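Single-structure report; data block below.
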Amino acid sequence: SSVSTVTTMVKASVARRRATQQQPRAPADQGVLRAPGAGPGRVAPVMSSSSSSSTRDHHEVAEPTTRLARTTKILRHRVIAPTYRFLRTTLANPDHWWFVVFAAGCVSYALLLRLYLEPATLTSASIDAALVPTVFRGTLPEVLVEGLERGDGAVWRATSSCIIYADVAANRLWRHEDGSGLVRIGQSTFLGGAGCRDAHTCATLVAPGAAAVAEYAASFLALAEQGSKVVSIVASDGARRVLASTDHVGNLLNGPNALAVHRATGDLYFADVYAGTTAASEEVVVVPVEGGSSSKNNNVPRRAPRNGVYRVVKGASPEPVALFDDGRPEALALVDNATLFVGDADGGVWVVDLAAAESDDSSLPKRRKLADFELPVVGLTLDNARRLYAATSEGVAVLFDERLVGVVHLGGAAATDVAVATDGYLYVTTRSSLLRLRLAAGIAPHTPGGEKSSSEPDDDDPRWYLLREDESSAGGVEEEHRD
């Protein structure tokens, strides 16, 4: 029946074409007035006014006179008409219907996936008026990811246009990227076993993962590993090299939790804080392990006697930058190897002048505390205008010229880290989610020392002489680093 139908359609089309070709055509000179004695090539310009007006109107209608009309004509002839003919031919044959159903299903799936990944607006948030429109465009924060156990450690990677952030309790680094076109990508695993690679040990820790992440070079990330209690770098192939595991006198670290890198020199700054008692908001959890059960908490013996901020220069032993008897340094932001901002979880921000000594008999740099700012700070970042963004219990505080400009309130949620990105957003982690805020035009990340010319350290760079971890110690890695 299909063959007979097609045969009938073809015959009818041929008959119509033949009938059209057999219609008599008028001579080319028929109906044209000529001057007396004029040859066939000379036409007399004799025409009634009504005929002239009619002809002019006809040409005005036939020829598009606007860009919109020309565009519409092109779409009609080059897109709509061919698509209509294709669908008519396809639907005429039942054997081709599967293609139409398949194509419609693919488009529907892509649209539903995009709607599912579309960021929701945090309607309970608010932005202080002083921050709009100089810092933010006034739009409320968008919720990109929810359901984190303990979000922290955000860093923007311009080379791959994605945000990397940590879930310290889940011992994992996540990546979030928007993608382009119809399909959104969303969240994917970047690195499993980010801070602890022994399954038995990891199961007993409240915070086994990496508490801080920083770009060490274009293809390398620096990690402050809470579970392993070391500072390391991870390469694109997943290999890790330990940068620091002790303080300046050889005491084992208590728990690295903040990082800052000078990209041009490779100098790395990290903060080490003892958190030996379980916080009030963290109940002790009994978890099953091989051979019994264990209390999951932070009650571990103290190793380094003081909290401090240290610098690692060219792979050498860490040297102290600031030591604290009662403060808790939990955030770092570096300005060109000259000034280091240190966020204090007990309240306030310290300014460390790396070029000046604290006193004549001290090797520590001079430091002072910002006035009129006492909010607890657990995350810091800078933009290209050297505005300081601080993750606090009230949300995100913005400081300029060492003065508080305003606060972005996150609906009662405390910010745990912040990162300025090249895509025009400020990314914020909270304990359970990843947010972003639209920044004003022209705001970009501040890069201490600028970008390194090479994506990898040189062969003679002392950073390469550091010990590579034994593969047998990486048994707890859940997924390989993929980038």
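The values are calculated or read from the model by the stated rules, or taken from the named source; none is laboratory data. The model shown is predicted, which means the values in this text are computed figures rather than measured ones. When we count neighbours, we look across all protein chains shown, and the Cβ atoms used for this are built from the backbone with ideal geometry, even at glycine. Protein only, heavy atoms only, side chains kept; ligands, DNA and RNA dropped before computing areas. Shrake-Rupley method; radii C 1.70, N 1.55, O 1.52, S 1.80 Å.
General remarks:
- When residues in the range 225-265 are screened for being surrounded by fewer than 22 Cβ atoms within 10 Å (Cβ to Cβ) and either at positive phi or basic (Lys, Arg) (or both), 5 of them pass.
- Residues satisfying the stated conditions in the range 212-226, i.e. in contact with a strand residue (DSSP E or B) (Cβ under 8 Å, 6 or more places away or on another chain) and at pLDDT below 90: Tyr216, Phe220
- If you filter the range 396-421 down to residues that are under 22 Å from Thr339 (Cα atoms) and in a loop (DSSP other than H, G, I, E, B), you find that the one that is least open to solvent (accessible area, probe 1.4 Å) is Ala421.
- A Cβ distance below 8 Å, combined with a sequence gap of six or more or placement on separate chains, defines the contacts here; from the range 115-133, residues that are free of Cβ contacts under 8 Å to residues at least 12 places away in the same chain reach residues that are surrounded by fewer than 16 Cβ atoms within 10 Å (Cβ to Cβ) in the pairs Val132/Gly138.
- Residues that are among the polar types (S, T, N, Q) and either free of Cβ contacts under 8 Å to residues at least 60 places away in the same chain or open to solvent by 40 Å² or more (accessible area, probe 1.4 Å) (or both), drawn from the range 364-392: Asn384, Thr392
- Filter result for Ala210 (farther than 25 Å from Val377 by Cβ and of a type in the set (Gly, Ala, Ser)): no
- Against the test of being crowded, with 18+ Cβ neighbours inside 10 Å and either in a strand (DSSP E or B) or under 18 Å from the mean Cα position of the chain (by Cα) (or both), the options Ala212, Ala207 yield a single qualifying residue, Ala212.
- Subset of the range 345-363 (residues that are assigned to a strand (DSSP E or B), within 15 Å of Ala258 (Cα to Cα) and either open to solvent by 10 Å² or more (accessible area, probe 1.4 Å) or free of Cβ contacts under 8 Å to residues at least 12 places away in the same chain (or both)): Trp350
Okay, residues lined up against (1) under 17 Å from Leu332 (Cα atoms); (2) modelled with pLDDT of 95 or more; (3) within 21 Å of the chain's Cα centre (by Cα):
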position	(1), (2), (3)
Gly343	yes, yes, no
Ser362	no, no, no
Pro365	yes, no, no
Arg368	yes, no, no
Glu374	yes, no, no
